[in-house]
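Each remark here refers to the structure printed beneath this line.
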Amino acid sequence: MGKISRAAIYDVLNAFQAPGANASLVAMKAVQRMEVEEDRVLLDLRLSSVFQPHEAVMRQELETRLRERAGAAELTLRFAWERAPEVETVNLLPTVKHCVVVGSGKGGVGKSTVAANLACALALKGLKTGLLDMDIHGPSMGMMFGVKDGPEGTPEGRIIPIEKFGLKLMSMGFLIDDDRPVIWRGPMLNKALVQFLGDVEWGDLDVLVIDLPPGTGDVQISLVQNAKEAIQKGGAIVVSTPQDVAFLDARKAISLFQTVELPILGIVENMSSFICPSCHTETQIFGHGTVKAAAARMGLPFLGEVPIDLDLRKGGDEGTPLVVGHPESPQSQVFLGMAQELKDRFKL
């Protein structure tokens with residue numbers, strides 16, 4: 001085998017992300033040493049200890065890429081771990097018994113629709129329920145619940161959530177104009193999220209459903225750290241569509257939750273099929289069963305399949321979630337089944 005270049009190795013390292021990370025090994029400054037001689041490569045990597053449980057997976061994937069893409073015949077890959085700093089946090093949700101975060105590795109899979117209808121289903125099961133839209137850049141709960149007026153405040157400066165359909169609701173969309181972009185980044189965004197989380201007057205809740213922003217970055221980690229006590233009593237739900245490529249992104253969300261040691265309550269396959277309203281023929285537009293099979297392989301609970309439905313879409317656009325407007329529909333029954341499963345698990 002011929003001589004390989006450092007540039008080829010750099011390209012591999014610059015494209016590789018550790019499970020749960022939102023930056024490459026190069027961007028994280030994890031590469032401590034790189035020696036190349038002919039087709040032999042020595043690499044020393046130094047990472048936070050939060051990634052140590054994924055060492056075997058990272059080693060296998062890196063070795064495969066370096067051999068296939070960079071042409072390394074002899075490869076020595078060594079990991080070193082630095083202890084993650086202890087993060088001082090406070091429980092910003094002291095009156096919430098259980099917190100359920102709904103996440104996905106990417107946008108466009110119907111995560112917010114699932115979160116909204118699941119929250120409504122929990123309320124219909126008699127639980128004191130709240131719904132927090134934490135998607136700062138793309139808040140959608142205002143439209144999905146038909147909320148046009150902003151919330152009121154207390155004399156102490158806390159925010160009183162809006163109540164509708166038996167839920168307590170809060171969203172960044174309630175506080176900004178519809179056409180005004182939110183352009184916060186980095187530490188400013190994280191600080192805003194933590195303040196937004198802690199300044200809402202939720203009162204006593206059995207369950208708070210949090211619609212996370214899409215992705216697996218610092219925002220999600222910051223949120224989890226500052227609500228960890230309530231979330232560990234609840235857990236995380238991951239939403240994916242049936243395509244294999246969509247579940248690849250969902251795996252990133254699963255890995256993030258596992259890295260920060262949150263229980264995964266289950267996985268939901270959204271848009272699992274389409275039932276024609278005229279002929280009632282079922283068509284599996286995006287495939288079917290991929291998510292359920294993957295959940296079984298990973299040893300994770302599978303919460304259900306939600307078919308595409310025109311009323312589901314209309315409900316989100318017109319301000320009445322399907323579970324509220326058509327509780328008897330097959331899709332609503334899926335959400336009600338999920339809610340009952342969570343109620344039983346939480347012993348509420």
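The values are calculated or read from the model by the stated rules, or taken from the named source; none is laboratory data. Values in this document were obtained by computation on a predicted structure and should not be read as measured data. Note that each Cβ is placed from the backbone with ideal geometry, even for glycine, and that neighbours are counted across all protein chains shown.
Only helices (runs of 4 or more DSSP H) whose full extent lies in the range 274-348 are considered here, and the ones with at least 1 residues that are at pLDDT 85 or above are 290-298, 322-325, 330-346.
Restricting 47, 75, 25, 66 to those that are more than 21 Å from residue 251 (Cβ to Cβ), free of Cβ contacts under 8 Å to residues at least 40 places away in the same chain and either of a type outside the set (Val, Ile, Thr) or exposed (fewer than 15 other Cβ atoms within 10 Å of the Cβ) (or both) reduces the list to 75.
Residues of the range 1-33 being in a strand (DSSP E or B) and modelled with pLDDT of 90 or more, which ones?
We begin by selecting, within the range 1-33, every residue in a strand (DSSP E or B); these are 17, 24, 31-33.
Those that are in a strand (DSSP E or B) and modelled with pLDDT of 90 or more: 31, 32, 33.
Taking the listed residues 47, 43, the one that is over 30 Å from residue 348 (Cα atoms), touching a strand residue (DSSP E or B) at 6+ places or on another chain (Cβ under 6 Å) and at pLDDT 85 or above is 43, with no other qualifying.
Residues of the range 199-247 that are at pLDDT 85 or above, touching a Pro at 6+ places or on another chain (Cβ under 9 Å) and β-branched (Val, Ile, Thr): 200 alone. Listed by first and then second residue, the pairs with beta-carbon distance under 6 Å, at least 6 apart or on different chains, first residue in the range 107-127 and surrounded by fewer than 24 Cβ atoms within 10 Å (Cβ to Cβ), second basic (Lys, Arg), are 125/343.
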